[in-house]
Amino acid sequence: MTETVAIVALLDDGRVMLGHRHLARRWYPDCWDLFGGHVEPGESPEQAARRECREEISVDVLDLEPIDAPDDDPDVVAHAFLTRRWIGQPINAEPDEHDAIGWFTAAELPRLRLAQPSYLRWLTDLLEREPPLELTPH
């Protein structure tokens with residue numbers, strides 16, 4: 001059975017925010033992942049992305065931009081988005097799902113155990129072509 005998910009890359013100053021999935025998680029335990037989750041019935045991928053960011057890191061994302069982000073799991077249809085703007089300060093609002101959150105540069109990604117091996121390629125490409133932005137309030 002195919003699962004449909006929405007994931008979000010939050011970018012700020014040449015870094016991407018990731019969450020470390022708790023060891024007790026059924027899916028992708030003990031690895032770093034983007035924020036997101038299952039698209040609920042009647043919900044668009046964009047609505048799911050916004051909901052998951054509110055639930056997981058307590059931010060309201062703005063300006064979601066769809067991006068091409070292949071998923072390594074053939075049983076998952078992933079809708080990926082990036083955002084550079086959000087309202088609120090990201091916090092770990094679901095400590096039972098993530099035991100840590102953090103910001104990472106392209107140079108730091110290779111040392112992480114990522115939820116999907118393909119993340120390394122496309123996140124690195126995304127970060128390396130994005131010059132650091134002027135710091136702006138979120």
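The values are calculated or read from the model by the stated rules, or taken from the named source; none is laboratory data. Computed from a prediction, not measured in an experiment: that's the story for all the values here. No Cβ is skipped: glycine too gets one built from the backbone with ideal geometry, and neighbour counts run over all protein chains shown.
Kindly provide the set of residues from the stretch 59-77 that are aliphatic (A, V, I, L, M) and in contact with a Pro (Cβ under 7 Å, 6 or more places away or on another chain), ordered by number.
Scanning the stretch 59-77 gives a single hit, V59.
One residue is enough: does the stretch 111-123 have a residue meeting the conditions without any contact (Cβ under 8 Å) to a residue 24 or more places away in the chain, closer than 24 Å to H22 by Cβ and either touching a Leu at 6+ places or on another chain (Cβ under 6 Å) or not hydroxyl-bearing (S, T, Y) (or both)?
yes
Test E94 against the stated conditions and say whether it is within 22 Å of R25 (Cα to Cα), assigned to a helix (DSSP H, G or I), among the acidic types (D, E) and without any contact (Cβ under 8 Å) to a residue 60 or more places away in the chain.
Against the criterion (within 22 Å of R25 (Cα to Cα), assigned to a helix (DSSP H, G or I), among the acidic types (D, E) and without any contact (Cβ under 8 Å) to a residue 60 or more places away in the chain), E94 does not qualify.
Of the residues H98, H79, only one is in contact with a Gly (Cβ under 6 Å, 6 or more places away or on another chain) and at pLDDT 90 or above; which? Step through it out loud before you land on a result.
Values: H79 fails: in contact with a Gly (Cβ under 6 Å, 6 or more places away or on another chain).
Sole residue among the options that is in contact with a Gly (Cβ under 6 Å, 6 or more places away or on another chain) and at pLDDT 90 or above: H98.
Can you name the number of the only condition in (1) more than 18 Å from T2 (Cα to Cα); (2) at pLDDT 95 or above; (3) part of a loop (DSSP other than H, G, I, E, B) that P131 fails?
All conditions are met except number (2).
Inspect all residues belonging to the stretch 37-58 and state whether any of them is out of contact with any Pro (no Cβ under 9 Å at 6 or more places or on another chain) and among the hydroxyl-bearing types (S, T, Y).
Among the residues of the stretch 37-58, at least one is out of contact with any Pro (no Cβ under 9 Å at 6 or more places or on another chain) and among the hydroxyl-bearing types (S, T, Y), which makes the answer yes.
Among the residues of the stretch 73-87, what is the count of those that are of a type outside the set (K, R), in a strand (DSSP E or B) and surrounded by 13 or more Cβ atoms within 10 Å (Cβ to Cβ)?
9
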